[in-house]
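> This is the structure I want to talk about, given as structure tokens.
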Amino acid sequence: MNAIFEACSFQDITSQRIRRAIEHLQRVETMLTDLAPPGAEPIAQHQSTAPIGPDLVQSDVDKVFD
């Protein structure tokens, strides 16, 4: 029973820290957005050039980890 309570409390503390980190990141995002000049377009998300789908085979994945 103690192990269950310890696991639950650890999970609760972890989720609190993650939530707090997300809140800080959202504040930074808001501050940076407010600094952007009026009419500025958002920066496009980085698009990976890695193959996706059937072009990606197991041997390609194995090469990454070698």
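The values are calculated or read from the model by the stated rules, or taken from the named source; none is laboratory data. These figures come from a predicted structure and were not determined experimentally. Only protein heavy atoms, including side chains, enter the accessible area calculation; ligands, DNA and RNA are left aside. Shrake-Rupley method; radii C 1.70, N 1.55, O 1.52, S 1.80 Å.
> Roll a 1.4 Å probe over the protein heavy atoms and report the accessible area of Ser15 in Å², nearest 10.
About 50 Å², rounded to the nearest 10.
> Using θ = phi - 60° and the Karplus relation 6.51 cos²θ - 1.76 cosθ + 1.60, list the HN-Hα couplings for the stretch 4-18 in order, rounded to whole Hz, with x at every Gly or Pro.
For the stretch 4-18, the Karplus-derived couplings read 5, 5, 5, 5, 5, 5, 4, 5, 5, 5, 4, 5, 5, 5, 5 Hz, x marking Gly and Pro.
> Something else about it: As a test of reading the structure, rank Val64, Val28 by solvent-accessible area (1.4 Å probe, protein chains only), most first. Display every interim value, and only then the final one.
Numbers: Val64 110, Val28 75 Å².
Sorted descending by solvent-accessible area, the residues read Val64, Val28.
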